[in-house]
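*Asks:* Quick one: this structure, given as structure tokens, is what I'll be asking you about.
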Amino acid sequence: MSDNQPHSLITTPPPYPVRVEGRLEPALSRGLWLVKWLLLVPHVIVLTFLWIAFVVLTIIAWFAILITGRYPPGIFRFNLGVFRWTWRVSYYGYNALGTDRYPPFTLADVPDYPARLDIAYPEHLSRGLVLVKSWLLAIPHYLIAGFFIGGAGSMVWRTSETTQISVGGGLVALLVLFAAVSLLVRGSYPQGIFDAVLGMDRWAMRVAAYAALMTDTYPPFRLDQGGSEPLPTPNPNGPPTSDTAGTAAQIPAAPMPG
């Protein structure tokens, strides 16, 4: 009878390999956002050089994937660190304004920082997809990311040093401006605006990671709103399955002994 069990025992989608999360901190400053552009100048300078290195290393990874079908783990760790740094700066700055805690200068994961990002290391990547996914397959997502983030968002990894830091244009910039005015006048960040902003930021970061060859899983056309990634939940009418346990997102795990 177990063979007749339906496969759709998960009522929400399985986690995407790129996890983008943010925790809206209470008691945000009413006026700090007015000067965050100045406070972020050191980060922008460092990130400019980090993204130059990111692009060079991604080109090297492109050849490695084409030849071996694997993303070099050392390059993956560095590029993941750049994504993490960028997301923390974006979250502190004008892509979210979700925290007043100054971002740390590190490529490492910072578990207690309100903004976190992780990408599951792929054990194998398609040698064929690497030829087309960044410039062809991702075009529909570039258009959507451009609408969400602004003109810079459509360039994704090629000019990623401005993708997540730019405050010009885009629906995210407009919503964050509304949130900033609310902070200034009322001292509160509307939860609905925060949820929508995080959903759009999450969409853009997923596309950027896909364009940077760090996953073969095509980004979903789905706006996952809120600070936390959606987790699969079991169907109450069906038995629990291992699919509901989530997925590991580490680089790379040692094989189990035979």
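The values are calculated or read from the model by the stated rules, or taken from the named source; none is laboratory data. These figures come from a predicted structure and were not determined experimentally. We place every Cβ from the backbone using ideal geometry, glycine too, and count neighbours over all the protein chains shown. Only protein heavy atoms, including side chains, enter the accessible area calculation; ligands, DNA and RNA are left aside. Shrake-Rupley method; radii C 1.70, N 1.55, O 1.52, S 1.80 Å.
*Asks:* Whole number in Å², please: accessible area per residue of the range 41-113, 1.4 Å probe, ligands, DNA and RNA not counted.
*Replies:* Working: 2810 Å² over 73 residues.
Ligands and nucleic acids excluded, the figure is 38 Å² per residue.
*Asks:* If you take the square roots of the eigenvalues of the alpha-carbon gyration tensor of the range 48-119 and sort them as a ≥ b ≥ c, do you get rounded (a/c under 1.5), prolate (a/b over b/c) or oblate?
*Replies:* Details: a/c = 3.00, a/b = 2.29, b/c = 1.31.
Prolate.
*Asks:* Residues with beta-carbon under 12 Å from that of LEU117, excluding LEU117: net charge, scoring Lys, Arg +1 and Asp, Glu -1? Mind dumping the intermediate values first?
*Replies:* Values: positive: ARG19, ARG84, ARG88, ARG116, ARG202, ARG206; negative: GLU21, ASP109, ASP118, ASP201, GLU229.
It works out to a net charge of +1.
*Asks:* Another one. Kirkwood Rh over Cα pairs of the range 14-153 into Stokes-Einstein at 10 °C, 1.306 mPa s: D in µm²/s? Walk me through the intermediate numbers first.
*Replies:* Details: Rh = 16.8 Å.
D = 95 µm²/s.
*Asks:* So if each residue of separation counts as 0.36 nm, and I subtract the Cα-Cα distance between TRP135 and LEU231, what length gain in nm does that give? Don't skip to the end; give the middle numbers.
*Replies:* Working: separation 96, 0.36 × 96 = 34.56 nm, distance 3.00 nm.
Stretched out fully, the TRP135 to LEU231 stretch lengthens by 31.6 nm.
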